[in-house]
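The block underneath contains the structure these notes are about, expressed in structure tokens.
The values are calculated or read from the model by the stated rules, or taken from the named source; none is laboratory data. As the structure is a computational prediction, the values presented were derived from the model and not from experiment. A quick note on method: Cβ atoms are made from the backbone with ideal geometry, for glycine too, and the neighbour counts reach across all protein chains shown. Just the protein is used for accessible areas: all its heavy atoms, side chains included, with ligands, DNA and RNA removed. Shrake-Rupley method; radii C 1.70, N 1.55, O 1.52, S 1.80 Å.
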Amino acid sequence: MDDELLWEVILSYVGNGSKAAPTAKILGAAARSRAARPYFLTALKRGAAPVALPARLESAARRIGGFLLRRARERMGKEEEPRPKQEQIPDIKTTVKQLINEIKPPAPPHIAVLFASGGWAGRLADLREALRSVLPASTVLLGGAAPGVLGATQSVVDEVEPRDEHGAISLGLIRLDGGARLSSLYVPPFGDPHAPPQEVVGKLPGPEDGPEHAPRLMLVLSEDQRAAHAALQKVQDNREAWTKAGFPPCAVSGGLLGARNVGMGGALLVDDGDIIRPDLSDDSGAGCLVLSIAGQTRASSAVSRGAAIVGPHVYKAADVSTWRVGICPGHAVTMGKADSLVVKASRYNKEAPFEAVEATHVSPGASLREVQQFVAQGRMPRPLYFGVRPYDGEDEAPTDGYNLLTPQHLDDDGSLALDGDVDEGAWCAWLTLEPDASVSELEAAAEASRVALRLESKSRGARALPLRSGLDETLSVLGGLVFTCSGRGARFHNLKPNRDSLALRAGRRNLPLVGCFCNGEIGPPPFRERGGGTVAEGEAHVAGFTCSAVVLRLDGAEDAQHPPV
């Protein structure tokens, strides 16, 4: 019996000594209770990965190197110095065993999530083999190679960013409730954009499979962007089918993986036992995997990008048009164009509020010059977006809720082509991404997630539901999966480390996290952009410069998806 279980038994006995059952009964009940509890436990390992050399080649290299070193010393007349003790780097299997021993799972997990960066990214096959040698065949393994990884235990937060040459591995073990059901869908990579899509492997559960299969979370991991878009379309079709059947839309989260050290097999670590793994080819790491989780688990998204208005004005679109552009033979896209804007509100500096002004017409090109003159030292902010928000009868110019569009072309007459639609009369503004705005947005999104999961209450009529846990607090029934952009990290947050992870944990200081830095993040719109906020799990898409997280509550709280207003 481990120490935590022993203390739980002792405290249970002492706390209710007059009514305590016999010690043997308490021992058995406590052991069964702890083993049956769901949990979300994490660990992270920094440092260099073992070099993948065949044993014979490594031995020969050491012998040759030693011979050449001795000959060089003889020629220089130097005596041979004693060999310094080399730091022993544990092999992959030993490292994985150490991480799992550090986590101390009381019962086998249903899901093992592992992300690897640096030298570890090139050892996915060895990592999968090591995990499979320790964990039972029923445990679903997923994750992959990424530019960087992050993790948080109950006491330590660590973001190993893409510029860390050694990298790290971040491991999360998740045990679900007894009625949990897992389903997988795999979309092969799209080698040719003109070729028809390949047949998918596996199936997402539908309403015809029964209410017990209703998804609570769909985790989407991909190396191929086209495969990710195809998978997200199937995810959205599935969510709409469940919504029509009367079920709330599930959370969707994930990211585009990939790293420099990835081998030929691809960037994904996929091994879901008997669900779809036997039908996958050797290049399964190059496509897109969707894992559907059903049962008592509750999930709520928290997404941030940090968009903030950067210019002196808020406008309305006065004259709009469309522009159709050919991409390649057989493919074309239609872009929105803003030909003229009307100034509706202005401010005299960045800290001042916007105030209504007399309407004046200006071209998008002229508005861009105004932004350059408004910002400090006249430097054009990067990145720069053109935000569009439908007019809903507001009297005051809105400062958030915009849909961020990327400028594509600025014509000589000042009209602006964008990668999305612009409706006439819509609110418009120039926006950039700011670290402080992003932290504030992520903290607000995480708070909204805690309210949605009934962990907190924001009104007198809403009642928070306490976590179903006993005296042993080492088993967390809360956890977060985090997918943040490779362009974020300390460089984005003014050299402050771990900002995204700390923002997610602002209201829950011991929230375990496992995740990675991505080449594109998958999730609903950011909290303070169009489609975000308190909207229940908006449609998921691939985004950039975001931190897309999902918070899980595993203890089966009643009505956690429908908190009272």
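General observations
- In this structure, residue 220 does satisfy being in the same structural domain as residue 200 (by the TED database), modelled with pLDDT of 95 or more and under 13 Å from residue 186 (Cβ atoms).
- Residue count for the range 131-140 under the criterion of being over 14 Å from residue 176 (Cβ atoms), outside any helix (DSSP H, G or I) and of a type outside the set (Gly, Ala, Ser): the result is 2.
- Within the range 324-354, the residues that satisfy the criterion of being among the small types (Gly, Ala, Ser), over 30 Å from residue 437 (Cβ atoms) and out of contact with any Lys or Arg (no Cβ under 7 Å at 6 or more places or on another chain) are 326, 330.
- Test: residue in the range 225-234 that is basic (Lys, Arg) and either part of a strand (DSSP E or B) or within 26 Å of residue 117 (Cβ to Cβ) (or both): yes
- When the range 160-183 is filtered for residues that are open to solvent by less than 20 Å² (accessible area, probe 1.4 Å) and in contact with a helix residue (DSSP H, G or I) (Cβ under 6 Å, 6 or more places away or on another chain), the ones remaining, listed by number, are 167, 169, 171, 173.
- Filter result for the condition that a residue is polar (S, T, N, Q), open to solvent by less than 20 Å² (accessible area, probe 1.4 Å), in contact (Cβ under 8 Å) with a residue 24 or more places away in the chain and more than 30 Å from residue 496 (Cβ to Cβ), over 95, 139: 139
- When residues of the range 305-361 are limited to those that are among the charged types (D, E, K, R) and under 16 Å from residue 405 (Cα atoms), the one modelled with the lowest pLDDT: 337
- Selection over the range 141-172 of residues that are over 16 Å from the mean Cα position of the chain (by Cα) and part of a strand (DSSP E or B) gives a count of 2.
- Answer residue from the range 343-365, given it is closer than 25 Å to residue 321 by Cα and β-branched (Val, Ile, Thr) and is surrounded by the fewest Cβ atoms within 10 Å (Cβ to Cβ) among those: 360
- With respect to (1) open to solvent by less than 100 Å² (accessible area, probe 1.4 Å); (2) more than 21 Å from residue 142 (Cα to Cα); (3) at pLDDT 65 or above; (4) not small (Gly, Ala, Ser), the lone exception for residue 44 is condition (2).
- Residues of the range 223-242 classified as over 14 Å from residue 187 (Cα atoms) and open to solvent by 70 Å² or more (accessible area, probe 1.4 Å), total: 2
- Taking the range 366-464 and the strands (runs of 3 or more DSSP E) fully enclosed by it, the elements with 3 or more residues that are open to solvent by 50 Å² or more (accessible area, probe 1.4 Å) are at 407-410.
- Odd one out for residue 166 among (1) modelled with pLDDT of 90 or more; (2) under 18 Å from residue 512 (Cβ atoms): (2)
- Residue count for the range 304-342, restricted to those that are part of a strand (DSSP E or B) and open to solvent by 10 Å² or more (accessible area, probe 1.4 Å): 25
- Positions within the range 102-160 being among the acidic types (Asp, Glu) and closer than 24 Å to residue 508 by Cβ, in sequence order: 102, 158, 159
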